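The values are calculated or read from the model by the stated rules, or taken from the named source; none is laboratory data. Small disclaimer: the values here were computed from a predicted structure and weren't measured. Here the Cβ positions follow ideal geometry from the backbone for every residue, glycine too, while neighbour counts run over all protein chains shown.
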Amino acid sequence: MKKIEVLGNKDTRSGFGEGLHEVGKSNEEVVALCADLIGSLKMDAFKEAFPNRFFQVGIAEANMIGIAAGMTIGGKIPYTGTFANFSTGRVYDQIRQSVAYSNKNVKICASHAGITLGEDGATHQILEDIGMMKMLPNMTVVVPCDFNQTKQATIAIADYQGPIYLRFGRPVMPIFTPENQKFQIGKADILIEGTDVTIVACGHLVWKSIEAAYILFEKGIRAEVINMHTIKPFDEKTLLQSIQKTKCVVSAEEHMINGGLGDSIAQVLTQKLLVPQEYVGVNDRFGESGTPMELMTKFGIDTSNVVDACLKVIQRKA
């Protein structure tokens, strides 16, 4: 089994910051709005390079979404930036009414998603945002897996017409996707090929799934790992081609089991191909304070949990 090369370690929010700066240089219609979290969202470089296209709205997230929606009428491409909890839960009505319903070309960019926000605790963590956003008509939902992919996704969404939710995080994680690999919305990436079990993951759980595949290989099990970076529109074709080989699937996500990636997979399976599925995700609970890695272990979304789910689903298949 060929191991995936690790190119370094960096947080995905920094990928967003670099991508925003890059797309700002190539597209003068791109503007950025921030709700008093410039440093946390790594939006400093854009602000310094394009001060006339940067808008600090303060701690007024609902107003930020309304301003962004209005800017699209004049042809601007607004990127809004704040924590995922405030990007969705706090402003869901404004997103639904002013952005999704009107099909406005707003890019809702959400950092510090999931429980790996860590020590800030449950009030700042959100584990239901993927479900909230994918249920909105017209909304595209993107969850890249590492620094490089977040940077490329940030650049790519400027050319995609319509509202997008871009979800990324705070902790430093391995970089394992190519630096200049073009990001294709709605097209999943097969990172490791296998025949015994399919692991479909997004965000930080992609790396955990790769680690799980290495452990499973030592046990004589060949896992196929798919990076499902776009939750909506969902790449059914890649999923079905994989599970036609493996006959079972594990979903892995830093999100509530209810409403997330696993639910999207289950909807496909019930309609197209009935096979066993196991879920790796947070099971109907709020987050809490702790270091990111401690919380991933406590909440059952670590490498060992992916391994255990694969072993279980293979038994069910047998």
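Out of segment 236-272, which residues are touching a helix residue (DSSP H, G or I) at 6+ places or on another chain (Cβ under 6 Å), in a loop (DSSP other than H, G, I, E, B) and either under 20 Å from Arg167 (Cβ atoms) or at pLDDT below 95 (or both)?
Selection gives Gly259, Gly260.
Looking for whichever is out of contact with any Asp or Glu (no Cβ under 8 Å at 6 or more places or on another chain) and either touching a residue at least 60 places away in the same chain (Cβ under 8 Å) or among the hydrophobic types (A, V, I, L, M, F, W, C) (or both) here; the options are Gln161, Gln184, Gln152. Which one fits?
None of the others qualify; the one that does is Gln152.
Can you tell me which of Lys47, Lys42, Lys2, Lys25 is out of contact with any Asp or Glu (no Cβ under 7 Å at 6 or more places or on another chain), of a type in the set (Lys, Arg) and under 14 Å from Ala110 (Cα atoms)?
Unique residue meeting the criteria: Lys42.
Cβ-Cβ distance below 6 Å, separation of 6 or more or different chains: which pairs start in segment 244-261 with a residue that is more than 14 Å from Ile231 (Cα to Cα) and end on one that is assigned to a helix (DSSP H, G or I) and not aromatic (Phe, Trp, Tyr)?
Pairs found: Lys247/Lys317; Cys248/Val313; Cys248/Lys317; Val249/Ile243; Val250/Ala309; Val250/Cys310; Val250/Val313.
crowded, with 16+ Cβ neighbours inside 10 Å, in a loop (DSSP other than H, G, I, E, B) and among the hydrophobic types (A, V, I, L, M, F, W, C) - does that describe any residue in segment 291-306?
yes
Among helices (runs of 4 or more DSSP H) lying entirely in segment 1-77, which contain 1 or more residues that are among the aromatic types (Phe, Trp, Tyr) and modelled with pLDDT of 95 or more?
12-26, 44-49
State the number of residues belonging to segment 44-62 that are under 18 Å from Val91 (Cβ atoms) and either surrounded by fewer than 17 Cβ atoms within 10 Å (Cβ to Cβ) or not acidic (Asp, Glu) (or both).
Counting residues in segment 44-62 that are under 18 Å from Val91 (Cβ atoms) and either surrounded by fewer than 17 Cβ atoms within 10 Å (Cβ to Cβ) or not acidic (Asp, Glu) (or both) gives 7.
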